[in-house]
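Structure, as structure tokens:
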Number of protein chains: 4
Amino acid sequence: MMTTASNRAPVRVGVVGLGRLGKRHAENLAYRVPGAALVAACSPVEDELAWAGEALPAPRLYKDYAALLADRDVDAVWLVTPSALHAQQIVDALRAGKHVFCEKPLSLDLAECERVLAEAERHPHLQATIGFMRRFDPSYRDAFEKIEAGVIGRPFMVRSQTTDKNDPDGFFVRFAPTSGGIFLDCTVHDIDVARWLLGKPRARRVFASGTIALHEGLREFGDVDNGVAICEFEDGRLAMFYASRTMAHGNDSGSEVIGTAGALSIGHNPRSNRVEITDATGIRNECTPTFFDRFEDAFLYEARAFVAAVQGGASAGATLADALEATRIGSALRQSLQTGQAVTL
Amino acid sequence: MMTTASNRAPVRVGVVGLGRLGKRHAENLAYRVPGAALVAACSPVEDELAWAGEALPAPRLYKDYAALLADRDVDAVWLVTPSALHAQQIVDALRAGKHVFCEKPLSLDLAECERVLAEAERHPHLQATIGFMRRFDPSYRDAFEKIEAGVIGRPFMVRSQTTDKNDPDGFFVRFAPTSGGIFLDCTVHDIDVARWLLGKPRARRVFASGTIALHEGLREFGDVDNGVAICEFEDGRLAMFYASRTMAHGNDSGSEVIGTAGALSIGHNPRSNRVEITDATGIRNECTPTFFDRFEDAFLYEARAFVAAVQGGASAGATLADALEATRIGSALRQSLQTGQAVTL
Amino acid sequence: MMTTASNRAPVRVGVVGLGRLGKRHAENLAYRVPGAALVAACSPVEDELAWAGEALPAPRLYKDYAALLADRDVDAVWLVTPSALHAQQIVDALRAGKHVFCEKPLSLDLAECERVLAEAERHPHLQATIGFMRRFDPSYRDAFEKIEAGVIGRPFMVRSQTTDKNDPDGFFVRFAPTSGGIFLDCTVHDIDVARWLLGKPRARRVFASGTIALHEGLREFGDVDNGVAICEFEDGRLAMFYASRTMAHGNDSGSEVIGTAGALSIGHNPRSNRVEITDATGIRNECTPTFFDRFEDAFLYEARAFVAAVQGGASAGATLADALEATRIGSALRQSLQTGQAVTL
Amino acid sequence: MMTTASNRAPVRVGVVGLGRLGKRHAENLAYRVPGAALVAACSPVEDELAWAGEALPAPRLYKDYAALLADRDVDAVWLVTPSALHAQQIVDALRAGKHVFCEKPLSLDLAECERVLAEAERHPHLQATIGFMRRFDPSYRDAFEKIEAGVIGRPFMVRSQTTDKNDPDGFFVRFAPTSGGIFLDCTVHDIDVARWLLGKPRARRVFASGTIALHEGLREFGDVDNGVAICEFEDGRLAMFYASRTMAHGNDSGSEVIGTAGALSIGHNPRSNRVEITDATGIRNECTPTFFDRFEDAFLYEARAFVAAVQGGASAGATLADALEATRIGSALRQSLQTGQAVTL
């Protein structure tokens, strides 16, 4: 798991956005990624910059993204910013000659996605990766390798879910106007997983449905707190998706790949650790409360892989084209939810 | 689990159809159901009658169903016959004044289903039950009771699957012309489970898809060996279904019910027993090979419940109306598979 | 699982002792064992005989054991009586020409055990079996067959436990003066399992210890509510035992066999059924509350096997010699507990 | 999990011994422990020093331990050296004014252990910790905290095991002359775990046994490849231990704590990750092959805790007194194995 130090020059990274997930990325880049140097941090929020000054190893601090891009001692930017900003920020980073890692999604808008792809084609020497971190989770990675090795024969179906512990405060309801809805916000991970594990087939037709179990506030935005979907791919492969905001037990995100000679299940029972509790109620394990807990290692390995790619290794994460396809399918799911009809892509 | 003997007169049963499943029912009724007396057996197949003469406690043997119905010392008939015969045989049994248990499905034809319901209304004193045995599986029963007790809050979604171990000989391909397709043959169990566990909501819209993973012979019949479906109910409840004929590991039929305060999973990991095997490949359990193995107890408890109902207890199994609704939804799934469009009921 | 009816004459059984376990045996013999006819029942307790008259299919009722033995239409007696009576009752049954099944233990006294063996040698045509029911539990049976098939190489060690749910009323404390202590009452099952799964090696040396976790009333009898032990066999094989009366979750009796190429675990996690409950406390399953629930099937298969043996099949259960050896080892464990020293056999 | 950087001066560490485990410690200290600076490395082996020069961030390299101790810019030494050297090296480090972390065991010799304790008492301002890493495994830590919180009532018994995957090359056989035997080499971890989880009771009497399942070469050293033991503590608490060198499936080290209101199991089923494989052999997970894989996180958190303690935080790991007690019990187990008798401490 541990990569030894490289003799190459370190990749100098500037992190942009220091919310909860941004902080996590920043700490990884600062302390846990050999070959990376976290040299700059950018946020419009005073408190976040103050945190960076204390918790990180003396990065240069920027309130303004343009100023960060002008810093010639930054090789790569790491975007953990609101989704609506992603596309333009990636374009700006590429134009400034920076490698760029950007949290998912690329954009909720297909035209925007394509604009970014077009820009990236003009900078083939720059890494541009979208953060679908499940590709770096050790268990997902193991499943991917087992599929490659033929362990389950020909994989023809994926069942995948992104389900969050219910937040009684309904934070995501306030976020609903800009989230793109449950399929573009949550299921986009499952779409990427399905395409990745099935060999990147193109989608042909989708159908989605959903219900509001608890959060009535979503209704005015046409959104749901539990969504289900079927996705047909061009070669007859299939995917079933489930997304939920209302789980009682924790973040229970996982996938299953079914093949002609067997199946692989990733993440069934989101055990928080190796402890089993036996008492009068039975035998139980506790669950990972949030995706931070579940994918802690994945975020770290994702950062290591990006740095290795910048240093000349193979690109490993989701490409901009993968992200575009995920947005395309996610948008069709949203359309199907709203119309009640299957949508042909 | 063991019901004590009743002082009531035994229910005298005639079993009709002595294929593999018929034999199982006959043995249960003969030896394991207090209150039942297996007094007659009917089959057009010489070998099957010979088996009945040896293996069962001296039943009267009939080659002809009408002759069995004329036997005044038979109180109830137990139909384990080809699906296409079910509707008329039930009607005939009711007209002959017999209680009737019939294996699923009631009929693949909705008009036939309704004809049987109309006949049954004329015989309110006769039991008429369709054999959806999962309702009698101890684990399904436990889940049902936990839901009733409010353990998971308001249940709003069911995920359910009927998946068989792959039969390399493809028996079911030869059966395809009359099976009604994967949804009416397999998913009909999941439909009944979903309605039962969700409080019998009516279906509003369905979408289905599928693929042929291994058995190309199904293509000419418009059938698939792996099918997926979404079912929307009128009150916003949801179901997702999966049916497969191509599992590598065994019969893996189970369900999950998700509610606002928790979820119940029934049958995940179809352990064949309580043994775990540890060796160089890891730690594993073997799986129930067939639905006979998985639902052995359910078939027994189903028979006990029917006999108890005939003796004056509460009816416990799926009613004819439940079976009609299962056929209605299953037919819509087949139509959706064939058209590629959502179907509104 | 279902044995078909035999053309042989039924084995006419008289059950002796109708406490909770006796009732269970009686119902099995009456309704679930093809080839058996429960023709007589014996108990000194009026209520128990009344129960037999109602719940069983018209057996002849006896208050006196000698009268039952005089009944010439009884082929076999089924002893579910207090342990202290077992030895003499077996001897009497054999002298009366009856096959005999007796619940464990054969006797707490080694000389008594040997007296029974001597008597049995004079009646080689009569079955005499002690009820170590785990040998008939489907999972233990599967493990035994896997070991025979070489799945784990050479088995060299067994870890086995008999652990009961705590009874706050401490029934077993009142039973302590006659139970023989935790090792002769509980661990005797594990001793038999270990010998059976390891190929019947002889014990060489044992060490036992224990503690009182909850039931101080045991102290005056030199007994404990949690006991542990190590047993060395002559060929270097080993066993570790654990017995408890104070489990919070249920009856958790199981075993593990370790071999040179793998291991088998039987009964780890005593799931009560196939339901998993997911809620804010995590993911859990409920546990089998009592040994009745855990070994319900084993008691049934044990009865079927005995009847088949009487009808001429192979003997399958624990022999009197096995029961003697179990008592010998159990007695040594008790001695070790009391002296604090290892005991050489 | 992530500790933020401290404003305190970094703890300057010199690692001593760069075998497989030494390398692991060195990489953790170099790259994953905020607050630590790996400034020196010491090994008599040329290749290991060469590795340090490449893989670590430019430490000063020493072939000689005394030279390292003379380095005034080293605050703490990290001993991953042969067991026989531990005691003297710790004494030397303390006399040189260095904090010291030392891999287990403190010493196989009780007098040596006491000599180190006496020396440490003269340097109360210096940290001296023995590396019982399980105390830092997140699952063990969680269990410890649940016990403290009363989740299982009063804990009265521990079952704990250290079992390694069989090494067909039998490396540990060559190591047998100096390892101290299976109890001092392996079970010492379980002894420490039991004492830690039970509140540090003193041992009163022990009994041990063992067998050679595969590695006959151990016989001449009086050692075994599978050992079992019972340990009685002064207050009636109990422990059962199992150690094996011959597992087929991997490193399967774990523990169970039983209390009056429940039990906690730590590490049952040593899953290598979150993947389940379903195929014709059943449903399985792969296992952690070695203790490196199983306790990777524990080694890291152990290092972080030591550094935090040096910086003024609370000491968290096993003290020298804990290590002395573990050696005392382990020695008694060895004596019991050799004499066949219980040993009173």
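Figures for the structure shown
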quantity	calculated
Hits in the stretch C:197-213 - residues which are among the polar types (S, T, N, Q) and touching a residue at least 24 places away in the same chain (Cβ under 8 Å)	C:209
Matching residues, the stretch C:117-136, being buried (at least 23 other Cβ atoms within 10 Å of the Cβ) and touching a Leu at 6+ places or on another chain (Cβ under 6 Å)	C:128, C:130
Evaluation of residue D:22 against (1) within 14 Å of another protein chain (Cβ to nearest Cβ); (2) surrounded by fewer than 18 Cβ atoms within 10 Å (Cβ to Cβ) (one fails), failing number	(2)
Residue C:162 vs. criteria among the polar types (S, T, N, Q) and in contact with a Ser or Thr (Cβ under 6 Å, 6 or more places away or on another chain)	yes
Qualifying residue in the stretch A:136-149 (condition: out of contact with any Gly (no Cβ under 7 Å at 6 or more places or on another chain) and on the phi > 0 side of the Ramachandran plot)	no
Residue tally, condition within 11 Å of another protein chain (Cβ to nearest Cβ) and part of a loop (DSSP other than H, G, I, E, B), over the stretch A:208-233	6
Flag if residue B:118 is out of contact with any Lys or Arg (no Cβ under 6 Å at 6 or more places or on another chain), at pLDDT 95 or above and either of a type in the set (Lys, Arg) or more than 17 Å from residue B:267 (Cα to Cα) (or both)	yes
Selected residue (only one of A:204, A:195, A:237 is among the basic types (Lys, Arg), surrounded by fewer than 19 Cβ atoms within 10 Å (Cβ to Cβ) and more than 30 Å from residue D:144 (Cα to Cα))	A:204
Which numbered condition residue B:132 misses (of (1) at pLDDT below 95; (2) within 14 Å of the chain's Cα centre (by Cα))	(1)
Test: residue D:244 is within 14 Å of chain B (Cβ to nearest Cβ), within 23 Å of residue D:20 (Cα to Cα), at pLDDT 95 or above and surrounded by 21 or more Cβ atoms within 10 Å (Cβ to Cβ)	yes
Qualifying residue in the stretch D:134-154 (condition: among the hydrophobic types (A, V, I, L, M, F, W, C), touching a strand residue (DSSP E or B) at 6+ places or on another chain (Cβ under 7 Å) and not assigned by TED's automatic domain parsing to the domain that holds residue D:334)	no
Selection within the stretch C:308-345 - of a type outside the set (Ser, Thr, Tyr) and within 14 Å of another protein chain (Cβ to nearest Cβ)	C:332, C:333, C:335, C:337, C:338, C:340, C:341, C:342, C:343, C:345
Among (1) assigned to a helix (DSSP H, G or I); (2) within 20 Å of the chain's Cα centre (by Cα), the one test that residue A:162 misses	(1)
Of all residues making up the stretch D:210-254, the number that are over 14 Å from residue D:161 (Cα atoms), in contact with a helix residue (DSSP H, G or I) (Cβ under 9 Å, 6 or more places away or on another chain) and polar (S, T, N, Q)	0
Test: residue in the stretch C:241-262 that is without any contact (Cβ under 8 Å) to a residue 12 or more places away in the chain and not in a loop (DSSP other than H, G, I, E, B)	no
The listed residue being under 17 Å from residue A:104 (Cβ atoms) and in contact (Cβ under 8 Å) with a residue 60 or more places away in the chain, out of A:297, A:322	A:322
Residues being in contact (Cβ under 8 Å) with a residue 12 or more places away in the chain and within 12 Å of another protein chain (Cβ to nearest Cβ) - total across the stretch C:151-196	13
Qualifying position, being aromatic (Phe, Trp, Tyr) and assigned to a helix (DSSP H, G or I), among A:172, A:156	A:172
Residues that are in contact (Cβ under 8 Å) with a residue 40 or more places away in the chain and within 20 Å of residue A:35 (Cβ to Cβ), drawn from the stretch D:33-54	D:33, D:34, D:36
Among the candidates C:39, C:33, C:15, residue that is more than 13 Å from chain B (Cβ to nearest Cβ), within 21 Å of residue C:305 (Cα to Cα) and in contact with a Lys or Arg (Cβ under 7 Å, 6 or more places away or on another chain)	C:39
When residues of the stretch B:120-129 are limited to those that are outside any helix (DSSP H, G or I) and more than 15 Å from the chain's Cα centre (by Cα), the one nearest to the other protein chains (Cβ to nearest Cβ)	B:127
Checklist (1) crowded, with 17+ Cβ neighbours inside 10 Å; (2) away from chain D (no Cβ under 14 Å); (3) assigned to a helix (DSSP H, G or I) applied to residue A:139, failing item	(2)
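The values are calculated or read from the model by the stated rules, or taken from the named source; none is laboratory data. None of the values given here were measured: they were computed from a predicted structure. Quick reminder, even Gly has a Cβ in these numbers, built from the backbone with ideal geometry, and neighbours come from all protein chains shown.
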